[in-house]
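A.B. asks: Input: one structure, supplied below.
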Amino acid sequence: MKRHKYILYWALTALTAGLLSGCVGDLDQYPHIEKSSKDVYTSVQNYRQVLAKLYGSYVMSGQDKGGGNKDIEGTRGFDYMRCYFNLQELGTDEVAMISYAADNQTGLSFLSWDANDVWVYDTYYRIYYTISLCNEFIRNATDEAIAGFSDGDREQIRRMKSEARFLRALAYSHALDLFRDVPFVDENSTIGNYFPPKYSAQQIFDYITSELEDVALQLPVQPEYPRAGAAAAYGILARVYLNAETYGCGDHYNDCADACLAIIEDLGYDELEPDYSRLFGASNNLCTGEILFAFAVDNDMAVSWGASTYIVCAQTHGSVAYELGVQNQAWEMFRCRSPYPDFFDEDGDCRNLFYTDGRNSKLEVFGDKTQGYFYKKWNNLYDDGTAPKTTDGVCTDLPIVRLADVYLMLAEARLRGSDRVTDNVARRYVNQVRRRAFGNNTHDISDIDFTLDFIFEERSRELALEMVRRTDLIRFDRFTTDKYLWDYKGGAPDGRSVDSKYNVYPIPYAEQTANPNMKQDY
């Protein structure tokens, strides 16, 4: 039985809920603070409870079960990671959302959204809600603010402040990746009626990388799971550096490689979890050798209809629900689109986790439940094969950074010009990923196979449904172009290219109206 003995963000007291419950509307993007800081930041335990809310803001959408008493008014009420998943996956070859029309996902599904899209709106405001919570915590964790605490308490609070800075940088990395030029607010920003300035993608990039470089040196090497440690910071840093050219911020492939090597060589993370499926099940909290950072999810004390519950249940077909530990919670919402399954054309690949019986991979009619393959990658089973007793959601934590991704990022950085490692070293890490997938070395790649196209295909196999697909497709110039087509890309049955503006999401029209600094053409 999985027991979270770490940050109990589902057990927040009324004190914390009162401090950090927010109300965000078109003209009020940042949360009201209902209790003054002097009433809350009075003990290490209170700081810990508020920090728990910062972590929880990614996977919970409100104070009550399933997102009731929601944090942000004016949204659909889904949590941060469900919103983020949709923007990263629904427009790609990995996911066709069967209920796209009913869930207002037509724009995301067919790469045709605009600045009024409800999912773009919700994602944007969830990001800035989390940033605002982090800012408030950091503002109350300065040396001056904690001067009255004991030496030991100050040390704990400084550590928590580093975690808050990491969580804020993570949110800003999502803002950069999705929107590019965005508003900037930090702990020094004015509180109250205030129009945040627009920062360019370069300014946001510089801020994120500086923050992560700094907090990586302050966070512990072996953190209490699932709190962020140094490897989490370096993992997100590597991802931001890998995509720097996409963001218009220049070549940072050596920086990406340095961040990857810091994880592998300096921090000593150098062995993958042997069982691939275990990474996506209810005992994945034990896979700390590979899962470098994850958000904790629990279906008893922290029920949410987003995060990993959304992924596990939405990918699952009714005929395999019991097999995957979700019993009567097979939502049957996701299909993959062709030609995505063709990446898994080698026999024996344990990542080939599709339900294919009696089905065609091609979607002839988008939204037809009888067409397209289902996934069986994610599950809700403990190591002993049993499932959690309750049925509201899952107990599978949500991995954000994995060592296998670090290996593949290092290899890609090498192929894009980094001189930090040789081809042989980079290829060796890729082959570790493949040996885990096939169970032996018979599918190792040779020098001639070690290409960017191969890395794209290997990432397709290794990282399905892990919220990196849109970013990968853009980096490889395959998201909006005709270099790679899939069913109903751009709304066409066989796929078509779309305007390159869809590589970036628009700032929501409500924000443009509320903040004159954010006006844009789209």
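A.B. asks: Mind running the shape call on the stretch 260-378? Use the C-alpha gyration tensor, a ≥ b ≥ c as the square roots of the eigenvalues: rounded below 1.5 for a/c, prolate if a/b tops b/c, oblate otherwise.
C.D. replies: Oblate.
A.B. asks: Over the stretch 245-384, what is the relative contact order in percent, taking alpha-carbon pairs closer than 8 angstrom and at least six residues apart?
C.D. replies: Worked out over the stretch 245-384, it gives 25 percent.
A.B. asks: Now for a separate question. Across the Cα atoms of the stretch 135-224, what radius of gyration and what greatest pairwise Cα-Cα distance (Dmax) are found, in Å?
C.D. replies: Gyration radius and largest Cα-Cα distance of the stretch 135-224: 14.6, 42 Å.
A.B. asks: Follow-up. Could you pull out every residue, at least 5 positions away or on a different chain, whose amide H is within less than 5 Å of the one on Gly62? Hs are placed 1.01 Å off N in the peptide plane, and Pro or chain starts have none.
C.D. replies: Answer set, sorted by chain and number: Gly67, Asp71.
A.B. asks: Report, in listed order, any pair from Lys377/Lys489; Lys161/Lys519; Lys369/Lys489; Lys198/Lys501 with a Cα-Cα distance greater than 29 Å.
C.D. replies: From Lys377/Lys489; Lys161/Lys519; Lys369/Lys489; Lys198/Lys501, over 29 Å: Lys161/Lys519.
A.B. asks: While we're on this one: Only helical DSSP H runs with n ≥ 4 go in: add -39500 (n - 2.57) per run for the chain, normalise by residue count and round the 222 nm mean residue ellipticity to 500 deg cm²/dmol.
C.D. replies: Values: 16 runs with 189 residues, N = 522.
So the calculated ellipticity at 222 nm is -11000 deg cm²/dmol.
A.B. asks: Can you pull the accessible area of Thr142 for me, 1.4 Å probe, Å² to the nearest 10?
C.D. replies: Rounded to the nearest 10, that gives 50 Å².
A.B. asks: While we're on this one: Can you give me the accessible area per residue for the stretch 299-384, using a 1.4 Å probe, in Å²?
C.D. replies: Spelled out: the 1.4 Å probe surface of the stretch 299-384, per residue, equals 40 Å².
A.B. asks: What's the center-to-center distance, using Cα atoms, between the stretch 199-228 and the stretch 291-323 in Å?
C.D. replies: Here the answer is 27 Å between Cα centres.
A.B. asks: From Cα coordinates alone, what are the radius of gyration and Dmax values for the chain in angstrom?
C.D. replies: Rg then Dmax for the chain, in Å: 21.9, 68.
A.B. asks: Per-residue counts of other Cβ atoms within 10 Å, averaged by peptide: what ranking do you get for 420-432, 187-199, highest first? Provide the component values of the computation, followed by the final result.
C.D. replies: Numbers: 420-432: 17.0, 187-199: 13.2.
My ranking of the peptides, most packed first, is 420-432, 187-199.
A.B. asks: If you don't mind, there's one more thing I want to ask. Helix 118-139 against the longest principal axis of the chain: what's the angle in degrees, Cα atoms only, rounded to the nearest 10?
C.D. replies: 40 degrees
A.B. asks: Would the stretch 212-308 count as rounded, prolate or oblate if I go by the C-alpha gyration tensor, calling it rounded below 1.5 in a/c and otherwise prolate when a/b exceeds b/c, oblate otherwise?
C.D. replies: Judged from the Cα gyration tensor, the stretch 212-308 comes out prolate (a/c at least 1.5, a/b above b/c).
A.B. asks: Above 21 angstrom, tally the Cα pairs of the stretch 373-522 and express them as a % of all pairs, no decimals.
C.D. replies: Cα-Cα pairs in the stretch 373-522 separated by more than 21 Å: 62 percent.
A.B. asks: Got a number for carbon plus sulfur as a percent of the stretch 238-393's accessible area, 1.4 Å probe?
C.D. replies: Details: 2560 of 5890 Å².
That fraction is 44 percent.
A.B. asks: What residues qualify as long-range amide H neighbours of Tyr199, i.e. H under 5 Å apart, gap of 5 or more or another chain, H built at 1.01 Å from N?
C.D. replies: The list, which skips near neighbours in sequence, is Val182, Phe184.
A.B. asks: Could you derive backbone 3J(HN,Hα) for the stretch 204-209 from the dihedral phi with the Karplus parameters 6.51, -1.76 and 1.60 (θ = phi - 60°), listing whole Hz in sequence and x where the residue is Gly or Pro?
C.D. replies: Per-residue couplings from phi come out as 5, 4, 4, 5, 4, 5 Hz.
A.B. asks: Largest first, how would Leu286, Leu292 line up by accessible area (1.4 Å probe)?
C.D. replies: Leu286, Leu292
A.B. asks: Sticking with this one: Among Ala262, Val240, Ala282, flag the residue with its Cα farthest along the positive direction of the charge dipole of the stretch 187-339, charges on Cβ as +1 for Lys/Arg and -1 for Asp/Glu.
C.D. replies: The Cα lying farthest towards the positive end belongs to Ala282.
A.B. asks: Based on alpha-carbon centroids, what's the gap between the stretch 359-385 and the stretch 474-517 in Å, whole number please?
C.D. replies: 25 Å
A.B. asks: Report, by chain and number, residues whose modeled amide H sits under 5 Å from the one on Phe293, excluding near sequence neighbours (fewer than 5 apart, same chain).
C.D. replies: Amide H to amide H, under 5 Å and 5 or more residues apart or across chains, Phe293 pairs with Ile400, Val401.
A.B. asks: Could you tell me what a quarter of the Cα convex hull surface of the stretch 306-363 works out to, in nm² with one decimal place? Working shown, then result.
C.D. replies: Values: hull surface 18.4 nm².
Convex hull of Cα atoms, orientation-averaged projection: 4.6 nm².
The values are calculated or read from the model by the stated rules, or taken from the named source; none is laboratory data. Given the structure is predicted, the values throughout are model-derived calculations rather than measurements. Using ideal geometry, Cβ is built from the backbone for each residue, glycine included, and neighbour counts are taken over all protein chains shown. All accessible areas refer to the heavy atoms of the entire protein, side chains included, with ligands and DNA or RNA removed. Shrake-Rupley method; radii C 1.70, N 1.55, O 1.52, S 1.80 Å.
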